[in-house]
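First comes the structure, then the notes that go with it.
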Amino acid sequence: MSFIPKVGLIACSGEECTGGNVSRMAALKVLHKLKPHDTITICLPLFLAGDSGERGFAEVFPTITIDGCGKLCAARSTAKYSSEPAVKINVEDYMGPRCRGKEEQWRVNDGSAIVDKIAEDVAKHVEELRDALRDN
Amino acid sequence: MNKRLIALTDRRKLIVPCSGIGKTVGEVTREATRILIEELRPGVFDTVCLARIMMDEEEDTRELIRTSNVITIDGCPERCATTSVKFAGGTPVLEVLTVKVLAKNRTHRPKSILDIGEGGRQLARDVAEVVIENGGA
């Protein structure tokens, strides 16, 4: 039986706006509900602080970054300190530049439609990446 | 009050939680931040994205960190929020470690990262109160 690595999910989890919260909830939904056996999460704060385990995984294995806004902190940091992410998701592509609106900043949960949609898309990317790795 | 003290008092107050995604205490830091900003001291505190502190190429976030009274709330002893603030040239005026607060009352234990439960919400409130009690606002 061949080894097929799990896919690393890296959410920005940004505190300043709704998009960061959405990125976090979507990553957690994939990790715990949609693809619990095929994914791991990389803790971005730990990754940024220089943890060799987190950076080492992202250097060798495929990652999907989920960013809350166009600054793309998760994607840029992954590329800078490890390897280019296999897939880059920007929450703004789904819901527009919501960083300006603070009304939902803390209120998004894993039952929201936008979280569901992004989580489903990430799960599809996970399947595609794992299939490609299986074929190789 | 001397000029330096007035300057420090007038500075913006920023809460920087670690928001770690791998442990339940990371989620608790977010809830503690929400409680401080929305419930306990509305209009007093603000927050900033941790990743932006590290990845800000225009330096405006780092300037904000250097010129604000920053309070870090870390979940675990890795202290990623504090490390990031210091990396950006800031010096936290207060560093709160959630697992230390938990050690003082182990009944306030978070349930899971998807739902920290009543224990986790209590712990978040404990953390927020530590900030207030130690002169955070």
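For residue B:80, the conditions (1) within 17 Å of residue B:41 (Cα to Cα); (2) in contact (Cβ under 8 Å) with a residue 60 or more places away in the chain all hold with the exception of (1).
Of all residues in the range A:9-34, those satisfying the criterion of being at the interface with chain B (Cβ under 8 Å from one of its Cβ atoms) and in a helix (DSSP H, G or I) are A:20, A:24, A:27, A:28, A:32. Only one of the listed residues (A:28, A:44, A:34) is aliphatic (A, V, I, L, M), at pLDDT 90 or above and farther than 19 Å from residue A:127 by Cα. That residue is A:44. Report yes if some residue within the range A:114-128 is surrounded by 16 or more Cβ atoms within 10 Å (Cβ to Cβ), more than 22 Å from residue A:54 (Cβ to Cβ) and at pLDDT below 95; otherwise report no. Within the range A:114-128, one or more residues are surrounded by 16 or more Cβ atoms within 10 Å (Cβ to Cβ), more than 22 Å from residue A:54 (Cβ to Cβ) and at pLDDT below 95. For beta carbons closer than 9 Å, sequence separation of 6+ or different chains, a first residue in the range B:2-28 that is farther than 20 Å from residue B:132 by Cα and within 12 Å of another protein chain (Cβ to nearest Cβ) and a second that is at pLDDT below 65 and in a loop (DSSP other than H, G, I, E, B), there are no qualifying pairs. Quick one: in the range B:35-49, of everything that is out of contact with any Cys (no Cβ under 9 Å at 6 or more places or on another chain) and within 11 Å of chain A (Cβ to nearest Cβ), which residue is farthest from residue A:14 (Cα to Cα)? So the residue we want is B:39. Within the range B:109-124, is there a residue that is more than 27 Å from residue A:75 (Cα to Cα), among the acidic types (Asp, Glu) and part of a helix (DSSP H, G or I)? Within the range B:109-124 (the criterion being more than 27 Å from residue A:75 (Cα to Cα), among the acidic types (Asp, Glu) and part of a helix (DSSP H, G or I)), the answer is yes, since at least one residue qualifies. Of everything in the range B:62-85 that is over 12 Å from the mean Cα position of the chain (by Cα) and more than 10 Å from every other protein chain (Cβ to nearest Cβ), the residue that is nearest to residue B:29 (Cα to Cα) is B:77. When the test is whether a residue is part of a loop (DSSP other than H, G, I, E, B) and of a type in the set (Gly, Ala, Ser), residue B:84 does not pass it. Within the range B:40-57, one or more residues are in a loop (DSSP other than H, G, I, E, B), over 11 Å from the mean Cα position of the chain (by Cα), basic (Lys, Arg) and surrounded by fewer than 20 Cβ atoms within 10 Å (Cβ to Cβ). Considering B:135, B:89, the condition of being part of a loop (DSSP other than H, G, I, E, B), closer than 20 Å to residue A:16 by Cβ and away from every other protein chain (no Cβ under 11 Å) is satisfied by B:89 alone. Just one of the listed residues (A:64, A:4) is part of a strand (DSSP E or B) and more than 8 Å from chain B (Cβ to nearest Cβ), and it is A:64.
Quick one: is residue B:107 within 13 Å of another protein chain (Cβ to nearest Cβ) and among the polar types (S, T, N, Q)? In short, no. Report whether or not residue B:35 is within 21 Å of residue A:41 (Cα to Cα) and surrounded by 15 or more Cβ atoms within 10 Å (Cβ to Cβ). No. Checked against (1) modelled with pLDDT under 95; (2) more than 10 Å from chain B (Cβ to nearest Cβ), residue A:109 passes all but a single condition, namely (2). Restricted to the range A:35-48, and to residues there that are within 13 Å of residue B:26 (Cβ to Cβ) and outside any helix (DSSP H, G or I), the residue that is farthest from the other protein chains (Cβ to nearest Cβ) is A:42.
The values are calculated or read from the model by the stated rules, or taken from the named source; none is laboratory data. Just so we're clear, the structure is a prediction, and the values are computed from it rather than from any experiment. Counting neighbours? That spans all protein chains shown, and the Cβs are built from the backbone with ideal geometry, glycine included.
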